[in-house]
Amino acid sequence: MDATAPTVAEWVSACQTGNRRALSRLITLLESGDAKQVADASNAVAHFEFPRHVIGVTGPPGAGKSTLIDYLTGLVLRASDKHVAILAVDPSSPFTGGALLGDRIRMSSLRNEPRVFIRSMGSRGASGGIAAAASGALRALGAAGFDTVFLETVGAGQSEIDIANLAHTVCVVQVPGFGDEVQLMKMGILEAADVFAVNKADKPEAAELKVRLELAIAENPDASCRVLKQLGKKFAAQFTGTHWTPPVVLLSSARQENGEALLAALEAHRTFVDQPALSDVLKKYRAVRAIIGQAENTFRQRVESRADDGSLDETTTAYLSGTISLDAAANVLIRATNADSINPIRK
Ligand SMILES: Nc1nc2c(ncn2[C@@H]2O[C@H](COP(=O)(O)OP(=O)(O)OP(=O)(O)O)[C@@H](O)[C@H]2O)c(=O)[nH]1
Ligand SMILES: [Mg+2]
């Protein structure tokens, strides 16, 4: 390696003084570096907190997510001196920049705003997985002093859910013409949102969709607190505070109408998750998820390096000849990778 090339630690320092190129480089490393670069970059940002408010914005293609984020960002800039980042993550797109998502981002009216940072991420074979890369990027944005991040994701696959779950607040954007409430329930949409934005209020059917959504939420109070659902029984049981009912906000992003109400709803949710009893549980839960995620990555890397060095051959032969079951073969591998590990807590 070039001795004069900046180290990852130097990039992080540069990020902290507002250097956008360094921030971009760091995110690129997290997104598409080799295993060592990803590990170095993740470690370098690990002790930084996320920005104060990470807002996941998700919903069907064409619902107006990007238009809405542009509009809300403009409102935040006008009302405060906050720095806002827009991170568009598309797990299905292998290439940054060249992706459609990147093209749309480049059209943003805010791309020349000094207090705004806009970036898209795809999964260009990131060795740690896209959710881990996005999580690192959020820490890098925290290091760089951003207050608010809008995290745009498309679709509802597992990777998108993992990404949305990084956010403090998830805003699901809905538009008229996407079926009835039975379908909404089936699609698991009620469980996915902290706040609903019914966009395209300039269309006549939008007001009706808002009413239908509110009814569906009222009829399914148990399904509609994403934070507690996400925590699962074990963690949720530790929290006995007030319940959150997702508000439904009608707005027109294209006409720039009623975005203030949506911002207020998002902020109210941030305050909700900030109550100490809940934020402690959430913090613990996130740490557990982060450790499990990292363990999965490490395990995958170890398994893959074993596959390369030929040490799997004997097990594979035994499995192919029917001497051992698939389960037993997998266990041989698990035990072998365990032997590689060290425990820094109990040496
Ligand atoms: N009528 C109307 N059109 C809107 C509104 N908001 C966005 N649109 C239009 O909807 C289309 C899609 O908007 P985008 O912001 O690109 O939607 P998106 O959800 O980000 O789309 P993907 O990133 O492809 O999933 C564009 O033609 C927008 O101009 C709105 O409030 N009213
Ligand atoms: Mg978009």
- Calculate, for K229 and A261, the FRET efficiency according to 1/(1 + (r/R0)^6) with r their C-beta to C-beta distance and R0 22 Å; round to the nearest 0.05. 0.35
- Query: Given DSSP loops and a limit of at most 16 other Cβ atoms within 10 Å, what is the longest stretch of the chain that contains no such GluC sites (Glu not before Pro)?
  - Reply: 50-204
- Is there a pair in K210/K233; K200/K283; K210/K234; K233/K283; K65/K210; K65/K203 whose C-alpha atoms are over 26 Å apart, and which pairs would that be? K210/K233; K200/K283; K210/K234
- Task: Measure off 7 Å from each Cα along the Cα-to-Cβ vector at A277 and V332, then give the distance between these two points in nanometres to one decimal.
- Result: 5.3 nm
- Item | Label-point separation in nm, R286 to E10, each point 7 Å along Cα→Cβ | 3.1 nm
- Return the tail of the calculated pair distribution for the chain, meaning the percent of Cα-Cα pairs more than 25 Å apart. 57 percent
- So between E208 and L75, what do we pick up on full extension, going 0.36 nm a residue minus the alpha carbon distance? 45.2 nm
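Coordinate-derived values only; no laboratory data. The structure displayed is predicted, hence computed values, not measured ones. Cβ sites come from the backbone with ideal geometry, for glycine too, and all protein chains shown count toward neighbours.
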